[in-house]
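Written below as structure tokens is the structure these notes are about.
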Amino acid sequence: MADFERVEHDVLVIGAGGAGLRAAIAAAATGVRVGLVCKSLLGKAHTVMAEGGAAAAMGNVDDRDSWRVHFADTMRGGQYMNNWRMAELHAQEAPDRIRELEAWGAVFDRTPDGRILQRNFGGHRYPRLAHVGDRTGLEMIRTLQDHAIHQGIDVHMEVTVIQLLQDGERVVGAMAYDRERGRFRLFSSGAVVLATGGIGRAFDITSNSWEYTGDGHSLAYHAGADLIDMEFVQFHPTGMVWPPSVRGILVTEGVRGEGGVLRNSEGKRFMFDDIPENYRSQTADNEEEGWRYTQGDKSARRPPELLTRDHVARCIQREVREGRGSPHGGVYLDIAWIKERLPKAAEHIKKKLPSMYHQFMQLANIDITTTPMEVGPTTHYIMGGIRVDGDSQMTSVPGLFAAGECAAGLHGANRLGGNSLSDLLVFGKRAGEYAAQFAREQPAPRVEAGAAEAAAASALAPFERDGSPEAPYAIQHELQRMMQDLVGIVRQEGEMQQALDRLAALSERAQHAGVHGNREYNPGWHTALDLRHLLTVSEAITLAALERKESRGGHFRDDYPDKDAAYATFNIVVRRGADGTMQLERRPIPPMPDDLQAIIEEQKS
Amino acid sequence: MASTTFKIWRGERGQGAFTDYATEVTEGMVVLDAVHQIQASEAGDLAVRWNCKAGKCGSCSAEINGRPKLMCMTRMDELPAGEAVTIEPMRAFPHVRDLVTDVSWNYEVKKKIKKFTPRPPDAPDGTWRMAQADVDRVQEFRKCIECYLCQDVCHVLRDHHKHDEFIGPRFLVYAAALEMHPLDTEDRLRDLKDNHSIGYCNITKCCTSACPEHITITDNAIIPLKERVVDEFYDPVVKLVRLLRGKK
Ligand code: SF4
Ligand code: SF4
Ligand code: FES
């Protein structure tokens, strides 16, 4: 039998990026005992990589902005598949969450009158993103981290949760292991908040760090929770494409916000060729107007490079497919051209986009102040995830809450840039508070050792496989390539059916994968444990993508290239059936209240 | 492209030795790619810490050919061609396994520095006003990705093991960011002098050269802090003038 250490908390937060930290802070503020589990070291979570900013309708730069406009922008961007209650709360509460960061020491870039500066971003009508150069995520996570360490939160670093523990339906804790010693830790807690981020590592080309293996999605699914919208994966239009080693690393949308333009190999700004109908009235129809917009001219409309990410990504894909791509299979993103318009353009670029400047200098030997970048789509974000109540963030399983990327609803079929960082803050806080309340009101958790022992035993199985078992790395790589090829940015029935077969075969291989060495800091073992999560989310994505026979937001099907109104009325739910197989359900989207409907209408013009 | 030899430190809790691995090096590759290739082929349990592979998280710190570096930002083509590459863990922290060290001391140190304490808000809506020019310096310090490479190279920690007394360059930068924050009202100067031993720093600037974020640790953070400490505790004239002017 595997040994384990027992740890008790009132609220256990799994994941220590923006959402997890904010949830832990909120729960601790209510006076309960909080444990925070980090898969890596504290402060290293994927939030650190967010670049552009956090969207909040503070109106510091353009006072026409308000939560109503932000709400309407979010819904339009999400193609109305969003949980409208979440979109409403998010738009209303984001400004306070940002100001709170300032009170905790964050130092955002400033307006001339000394307030928090806000920048333009795709799909946002007004300059709305609070930012710090192009390292906003770092500022946010460090602010939350430095605040959290003084709140009496127990931090468990480099600890990975392998299974949630339940008493009947209710989640009452989790079984985990610590990487450094390879020992098991049994958490019992009155409530659990999942804040584990995304699934990008299910794909080959991704901007996501190794941690993004869909742990929360999978843990929740196996505990019986509903996942929704799993077909909606965001491929960010601009990732690095060259050299191969850095393929997928994000190039912030901020480059386009600052005036960067996309061109094909013929030097043409192809984004002007395909402006969707519902954005036409808000989009510049000439280069001059687009430039003025990026420079803060309030009478100008945004350039088509700042259309929503799903659309820009597909336009890039089209240029490449039709032979107008750059040498390494991308297109050109040019910020250097602004020297035609601005004195001291090189200094300006370095000041506004310092990380981008260094990233290209160091990794690709390219000076972005003189030379266009080569960019192409990269797997960036999953809109889908665990279904939660909009107010409390509780999942369909009692005692289990979710916030941030692993939760679904706010972003619908496509997320607007900048809405993620604010999502983490708004719903992290809510999840923490409601989880604390739940833990206080419910009887003390009862954790049965049996389930924990079984989880530990199955986690150790890869060490005990006889003969020369296959290593997990090869299976993981194959899975990533397969998902990229068959369930990637452009999808179709036959390929996805094939993907299901391949997934079954990979699952079978994963069951027999083995690892060498001992349990202490063993990355092979860790990869073997991640595989189960990756396989679960990959299957959920594929099944949901097969079910949605239309194209909408992040989900594009070659065989059904158009939007279909019949599919606008429901979200696709994935849950575990009684027989252990994955089941699908079409869940009607509840009707929007009149006041919100009215906002959408008034903002349509 | 050519196969290159990597001499990687392997072992546990301080015991270990270099092990040779050969792997293919292709265009644009960074050292972390090579480590991953080796992990995926012949050394499945090779322990290495990394997250972002984009120089943003500060997890992959190591000593490459004896130099403090982020593995994910060190391109193979900046190392001498055709020569073996050595990769070792940071030496200023307790060893865990292979390339991984125990950096938890840093987290303990940070907790001991008095937290940010803002003045009351400037505007009735609870917000503050700060000019960009007044936050430029603080923003420079806040670029820190907590890679701890500066701690690794500082002789006070690395060679003299003063971990119990000296907070190291990373946390002098952290303290400077708080002390120079336009909104902060806390006073950390006595702590810096008595408990954080800023006096141990003899301005060798090794930390500044190691910093992957190009923070001018010594000139912009440590020296001004030292000056403030001197003003506060050793210079009666300055102190008197300050008192008369009513400044902190
Ligand atoms: S300048 Fe000071 S802190 Fe930096 S390495 Fe030298 S002694 Fe250490
Ligand atoms: S100051 Fe520089 S070297 Fe030191 S921890 Fe921060 S980023 Fe790393
Ligand atoms: S892996 Fe994040 S800095 Fe190297």
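The values are calculated or read from the model by the stated rules, or taken from the named source; none is laboratory data. Predicted model only: the values in this text are computed from it and were never measured. For neighbour counting, all protein chains shown are included, and Cβ atoms are generated from backbone atoms with ideal geometry for every residue, glycine included. Please note that ligands, DNA and RNA were not included when accessible areas were found on the heavy atoms of the full protein model with its side chains. Shrake-Rupley method; radii C 1.70, N 1.55, O 1.52, S 1.80 Å.
Numbers below:
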quantity	calculated
Residues of the protein assembly as shown: accessible area per residue with a 1.4 Å probe, Å²	35 Å²
Helix-only mean residue ellipticity at 222 nm for chain B, each DSSP H run of n ≥ 4 adding -39500 (n - 2.57), per residue, nearest 500	-8500 deg cm²/dmol
Segment A:ARG6-A:ASP297, length gained on full extension (0.36 nm per residue, minus Cα span)	98.8 nm
Neighbourhood net charge (9 Å Cβ-Cβ; Lys/Arg +1, Asp/Glu -1) for A:LYS563	-2
Label-zone membership for region A:392-431, site A:ALA29, 7 angstrom Cα→C-beta point, backbone N under 13 Å	A:425-431
Label-point separation, B:SER3 to A:GLU340 (7 Å along Cα→Cβ), nm	5.1 nm
Total charge dipole magnitude, region A:511-605, about the Cα centre, Cβ charges on Lys, Arg, Asp, Glu only, Debye to nearest 20	360 debye
Global geometry of region A:430-583, whether rounded, prolate or oblate, following the gyration tensor of its Cα atoms and the 1.5 cut on a/c	oblate
Shape of region A:127-286, Cα gyration tensor, a/c cut at 1.5	prolate
FRET efficiency estimate (nearest 0.05) - Cβ-Cβ, A:THR111 to A:ALA457, R0 56 angstrom	0.45
Spatially near lysine pairs across chain A, Cα under 25 Å, sequence gap of 8 or more or different chains	18
Region B:3-101: relative contact order as a whole-number percent, Cα under 8 Å and 6+ apart	36 percent
Region A:240-377, relative contact order [Cα under 8 Å, separation at least 6], %	31 percent
³J(HN,Hα), Karplus 6.51/-1.76/1.60, whole Hz, each residue of region A:163-171, x for Gly, Pro	6, 7, 10, 10, 10, x, 7, 5, 7
Chain A - percent relative contact order, Cα under 8 Å, separation 6 or more	22 percent
Region B:11-84 shape via C-alpha gyration tensor axes, a/c threshold 1.5	rounded
Euclidean distance of C-alpha centroids, region B:121-179 and region B:197-227, integer Å	10 Å
Label-zone membership for region A:298-315, site A:HIS328, 7 angstrom Cα→C-beta point, backbone N under 13 Å	none
Where only C-alpha atoms are counted, convex hull volume of the protein assembly as shown per residue in Å³	164 Å³
Segment A:GLN92-A:HIS222, length gained on full extension (0.36 nm per residue, minus Cα span)	43.5 nm
Residues whose placed amide H lies under 5 Å from that of A:ARG128, excluding near-sequence neighbours	A:ARG119, A:ASN120, A:PHE121
Under the Karplus curve 6.51 cos²θ - 1.76 cosθ + 1.60, θ = phi - 60°, whole-Hz ³J(HN,Hα) for region A:485-496, x wherever Gly or Pro sits	6, 9, 10, x, 6, 10, 10, 8, 3, x, 5, 6
Gain upon complete extension [A:GLU266, A:HIS512; 0.36 nm per residue less C-alpha separation]	83.5 nm
Hydrodynamic radius (Kirkwood) for region A:240-377, which is based on Cα pairs only, to one decimal in Å	15.2 Å
Spatially proximal lysines relative to B:LYS226 (Cα-Cα < 24 Å; intrachain offsets below 8 disregarded)	B:LYS110, B:LYS111, B:LYS112, B:LYS114, B:LYS115, B:LYS143, B:LYS162, B:LYS193, B:LYS205, B:LYS239, B:LYS247, B:LYS248
Options A:ALA346, A:VAL320, A:ALA499, ranked by Cα towards positive dipole end of the protein assembly as shown, top entry (Cβ charges)	A:ALA346
Zero-based 5 Å bins, Cα pair distances in region A:527-605, whole percents	3, 12, 16, 17, 17, 13, 11, 6, 4, 2, 0
Rounded FRET efficiency, nearest 0.05, which uses the C-beta distance separating B:ILE203 from B:PHE233 and R0 of 22 Å	0.75
Span from the region A:55-70 Cα centroid across to the region B:14-30 one, whole angstrom	51 Å
Approximate spin-label separation A:ASP367-A:ASP595, in nm, with each point projected 7 Å along Cα-to-Cβ	5.6 nm
Under-5 Å amide H pairs with B:MET29, H placed in peptide plane, nonlocal only	B:MET76
Carbon and sulfur %, accessible surface of region B:3-101 computed with the full protein complex present, 1.4 Å	47 percent
Computed over region B:104-236, Cα set: Rg, Dmax in Å	15.1, 52
Efficiency of FRET from Cβ geometry, B:ARG129 and B:LEU244, R₀ 41 Å, rounded to 0.05	0.90
Computed P(r) (all Cα pairs; chain B; 5 Å bins; percent)	1, 6, 12, 15, 16, 13, 11, 9, 6, 5, 3, 2, 1, 0, 0
Theoretical ellipticity at 222 nm over chain A - DSSP helices of four or more residues, -39500 (n - 2.57) apiece, nearest 500	-11000 deg cm²/dmol
Carbon plus sulfur fraction of accessible area for chain A, probe 1.4 Å, in percent	47 percent
Viscosity 1.306 mPa s, 10 °C: Kirkwood-radius Stokes-Einstein D of region A:4-115 over Cα pairs, µm²/s	96 µm²/s
For the pair A and B, total buried accessible area rounded to nearest 100 Å², probe 1.4 Å	5000 Å²
Distance from region A:281-357 to region A:452-514 (C-alpha centre basis), Å	39 Å
A:GLU288 paired with A:SER468, simple spin-label distance in nm, labels 7 Å along Cα-to-beta-carbon	7.1 nm
